[in-house]
Amino acid sequence: MPIIATENYFRLDTKTTSYIFCVHKEKYLAHLYWGRRLPEPSNLAHLVDTEITRRPSFTTNIIGSPAYLEDTPLEFACCGTGDNREPVFHAVNPDGSTVCEFCYEGYHLSSGKPKLEGLPATYSENPGESQTLEIITKDPRTGLRAILSYSIFDGSDAIARSIRYKNSGSEIVEILNPGSMGIDLWGLDYKILHLHGDHMRERNVEVVPVTNGLYSIESKRGHSSHMQNPFVALLRGTDEANMEHSGEAFGFSLVYSGNFRAIVEGSRGGSTRVAMGINPFNFHWLLAPGGTFQTPEVVLAYSASGLDGLSAVYHPLYRSCLCRGKFKDKQRPMLINNWEATGMHFTEKKILEIAKAGAEIGLELLVLDDGWFGHRDNDLSSLGDWVVNKEKLPNGLSGLAHNTNSLGLQFGLWFEPEMVSPDSDLYRAHPDYCLHAEGRPRTEGRNQLVLDFSKPEVRELVISSVTDILHSANITYVKWDCNRNINETAYLGHAHKHMLGVYEVMEKITSAFPDVLFEGCSGGGGRFDPGMLYYMPQTWTSDNTDPVDRIKIQHGTSIVYPPSSMVAHIGRTETGKHEFNQSLHFRALVAMCFNFGFQLDLSNFSDEEKEQSKEYVKTYRKIREVVQFGDFHRLESPFAPDGYASWIAVRQDKAKAVAFFFQTRPHRNGPDRRVRLRGLDPGKQYLFNSFDGSACVRFGAELMEAGLKVPMNEDATMIILETPRKYNP
Ligand code: GLA
């Protein structure tokens, strides 16, 4: 059995790892080990023997109990019992005190993974494919229970952790910090890797050392945000130059799209605490007797082979056990989106011209972006009024969809359902429907306000208006946007209630339209998080389509998120089309590594550009399965100073692979570039057209160990590798 549970010792064995904790001094949950799989039996309880390690002064214990919690690596840390590090849970008891002592009561082991009420989470389709351990703890004085849940999945090195707080007492408990999980890892010699940025600069990679003190990664913007992604990794035994393929990596990824916080605390006792969950900032929850509070889950992943191994845990899990619906395993359509071509100034004729040009080069879907409703000619109006603008589209959406379909393309539509413009019929009728603080001015972002999804009447209205539009025409794709963050909420905990409402609306709409492919978006990648992927299997990665910037954005995003979830388009370019790093070729290759499409005025393309684009579409059709669903490896990092980046996608049977090589700045007379490929079958012979067009045959082992010489005179190149029978009898 992969989970071995006894009354006081718990061991979770995943594909290649062991995760072990115990009940310490008959009460507390102490963390013992997380890393490479250990032999059985092994008992590590001696590692939390605080009699040996206890510091002589400023260490507290509870009278009569020899547990020195500040010197104990814990699995779950509360407040007021001797541990002065950052707690995972913090609450006000009915008597006004904040002491909480969650004592071990028992455990429950089951096959399968229960749903988390109201929240997105990983799942397994068949109970035999996952197993869940619940550890039940209780604060004896208030009766509050914390039920810690651990799920593991067949063939995966991930562990999904969350906590359910249940008030089994007779009075209200006020939760201030509802942590989802905590862990104290042994040692301080870790580096923290996280993904930060801004609008147009999402998920850049930063690596900083763990220090003696607190490091926090968080969002207080109501959404997971462009600025910080709800993900953190600890790296050990490696450095930034080698972290892809060496050293240990411990990953923590929160399945939540609202305010979050991850803390990393180097403590005096020589361990490093990681805790993650909803941000306690502006949070407060009254938990009535009998009530439960379900926290979002954190997906933990371990790799003994650097970040590459960590991605190899997250990608398949998120693709198959987080994304849902028929599109999760389906090849995604190549599309043309009109946004960068026309903005909101378009006519039906113009859109159909773009669609026709798209059809001519072999695209499969036209997406009509912002500006089709109300009187929206700029971003000052009409959000909330989801009524087609007949001046722009005299034949309505159904006419446009019909005409698009006649060209051989599917039809998709942009929405921003969570927002309302002050200049809209909806706002004039219901000024109280938006998030605001009574008697104070309302903040605008991109001239818009956020609808308060904690209100049932708002949720119902949004569901019915989106549903009506989706029924009104043959729409098979929706781009669901969200173009501002939340500033003002009316009470503590409001942001979480709003988020639960957003999830409820997404659940209802996406399940009512199982044949529609939904794509998440938030000013580009401002809500590229696992919570969103539960409802929508792909996300517009960034509004920035400059290919050099995009390489960084896509590289950082790929650490956690699978290629099938990342949407990448050829955008228009401001500079001359033949300049270094701006050619159609360079832009195409940067976009072809993920879910490929175009976002420019194809109807203005020259014949030469059209012919070139046709070739990209043809090539993408050949490699689509591999790049969207293959194993993805980062080979060279655009964050390194040498100005190179490269990636490879390898089909799961290793019989086909596609490698992309980029130069993000010109290298005149630079040193020779040799790249070691990854993920191939060492014993198979791969056939590919080399950079000069000649056919080459090389063993996977040669390509991975000795490497491949990549030319210096091209900013973007790709090779497709195959293993024909002829060379592999
Ligand atoms: C956001 C999106 C863009 C586009 C615009 C439309 O910025 O990220 O792709 O849809 O909104 O207003």
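The values are calculated or read from the model by the stated rules, or taken from the named source; none is laboratory data. Quick caveat, the model's predicted, so the values are computed rather than measured. All Cβ positions, even for glycine, are placed from backbone atoms using ideal geometry, and neighbour counts span all protein chains on display.
Does region 419-426 contain any residue that is closer than 18 Å to Ala490 by Cβ, surrounded by 15 or more Cβ atoms within 10 Å (Cβ to Cβ), within 16 Å of the ligand (Cβ to nearest atom) and among the acidic types (Asp, Glu)?
No, the conditions are met nowhere in region 419-426.
For region 517-536: of the residues being in contact with an Asp or Glu (Cβ under 8 Å, 6 or more places away or on another chain) and in a loop (DSSP other than H, G, I, E, B), which is surrounded by the fewest Cβ atoms within 10 Å (Cβ to Cβ)?
In this case the residue turns out to be Gly523.
Answer with yes or no whether Gly412 is modelled with pLDDT of 95 or more, assigned to a strand (DSSP E or B) and either within 16 Å of the ligand (Cβ to nearest atom) or in the same structural domain as Ala121 (by TED's automatic domain parsing) (or both).
Yes: the conditions hold for Gly412.
Does region 489-506 contain any residue that is more than 16 Å from the ligand (Cβ to nearest atom), modelled with pLDDT of 95 or more and hydroxyl-bearing (Ser, Thr, Tyr)?
Looking for residues that are more than 16 Å from the ligand (Cβ to nearest atom), modelled with pLDDT of 95 or more and hydroxyl-bearing (Ser, Thr, Tyr), one finds at least one in region 489-506, hence yes.
In region 666-688, how many are closer than 28 Å to Pro547 by Cα and surrounded by 13 or more Cβ atoms within 10 Å (Cβ to Cβ)?
10
Taking Ile559 as the residue in question, decide whether it is in a helix (DSSP H, G or I) and either of a type in the set (Val, Ile, Thr) or in contact with a helix residue (DSSP H, G or I) (Cβ under 6 Å, 6 or more places away or on another chain) (or both).
Judged against the criteria, Ile559 is not a match.
Would you mind stating whether Ser57 is touching a residue at least 12 places away in the same chain (Cβ under 8 Å) and either surrounded by fewer than 17 Cβ atoms within 10 Å (Cβ to Cβ) or touching a Cys at 6+ places or on another chain (Cβ under 8 Å) (or both)?
no
Which residues, counting only those in region 203-232, are touching a helix residue (DSSP H, G or I) at 6+ places or on another chain (Cβ under 6 Å) and of a type in the set (A, V, I, L, M, F, W, C)?
Within region 203-232, Val205 is the sole residue that qualifies.
If I filter region 396-409 for residues that are in contact (Cβ under 8 Å) with a residue 40 or more places away in the chain and within 16 Å of the ligand (Cβ to nearest atom), do I get at least one hit?
No, that holds for no residue.
How many of the residues in region 366-377 are more than 10 Å from the ligand (Cβ to nearest atom) and either assigned to a loop (DSSP other than H, G, I, E, B) or of a type in the set (Asp, Glu) (or both)?
Number of matching residues: 4.
So Lys349 ticks every box in (1) in contact with a helix residue (DSSP H, G or I) (Cβ under 6 Å, 6 or more places away or on another chain); (2) in a helix (DSSP H, G or I) but one. Which box is left unticked?
Exception for Lys349: condition (1).
Here is a check on your reading of the model: is Glu438 in a loop (DSSP other than H, G, I, E, B), in the same structural domain as Ser381 (by TED's automatic domain parsing), farther than 28 Å from Arg319 by Cα and more than 16 Å from the ligand (Cβ to nearest atom)?
Yes.
Just to be sure I understand, how many residues within region 1-24 are closer than 30 Å to Ile63 by Cα and crowded, with 20+ Cβ neighbours inside 10 Å?
6
Being over 19 Å from Gly630 (Cβ atoms) and in contact (Cβ under 8 Å) with a residue 40 or more places away in the chain is the filter here; which residues of region 715-729 pass it?
Those that are over 19 Å from Gly630 (Cβ atoms) and in contact (Cβ under 8 Å) with a residue 40 or more places away in the chain: Asp715, Ala716, Tyr727.
All but one of (1) more than 16 Å from the ligand (Cβ to nearest atom); (2) crowded, with 18+ Cβ neighbours inside 10 Å hold for Lys622, so report the exception by its number.
For Lys622, the exception is condition (2).
Is there a residue being closer than 22 Å to Met592 by Cα and within 16 Å of the ligand (Cβ to nearest atom) anywhere in region 320-334?
No: region 320-334 contains no residue that is closer than 22 Å to Met592 by Cα and within 16 Å of the ligand (Cβ to nearest atom).
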